[in-house]
Structures are given as structure tokens and as C-alpha cells.
């Protein structure tokens, strides 16, 4: 089963990178981050649906 990163995990990774290499904490647009995190799930869902229809008909 596939496992995708959550928004919380991405934020934790961001914090760790900032602590290690420096930079500004925080994000500019939470909605954009949530959308970006959801993209891989949506792409896979669409592809699976299209393949399912192709092989059924």
C-alpha cells in the first residue's frame, strides 16, 4: 500500500531543514501546501480510474 506524506510531516521536514541549514520558519500559503501534498494522491487516483475503465471495456 502506498503511503503519502502528510502536511504535518512536510512541515516537520521543513523545520528540520531550516534548523540544519538556516532560513525562515513558516509558510506563505497553507492552502497551497495542502494542495501540493494532495497532488500525488489525486494523480494516482485518476490514473488508476482510467486504467480500470480501460481494462474493463
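Does the range 31-40 include one or more residues that are at pLDDT 90 or above and part of a loop (DSSP other than H, G, I, E, B)? Within the range 31-40, none of the residues are at pLDDT 90 or above and part of a loop (DSSP other than H, G, I, E, B). If the condition is being on the phi < 0 side of the Ramachandran plot and modelled with pLDDT of 95 or more, then the range 20-29 contributes 20, 21, 29. Exactly one residue among 7, 46 is at pLDDT 95 or above and either loosely packed, with under 11 Cβ neighbours inside 10 Å or touching a helix residue (DSSP H, G or I) at 6+ places or on another chain (Cβ under 9 Å) (or both), and that residue is 7.
The values are calculated or read from the model by the stated rules, or taken from the named source; none is laboratory data. None of these values were measured; they are calculated from a predicted model. Every residue, glycine as well, gets a Cβ built from its backbone with ideal geometry; the counts of neighbours run over all protein chains shown.
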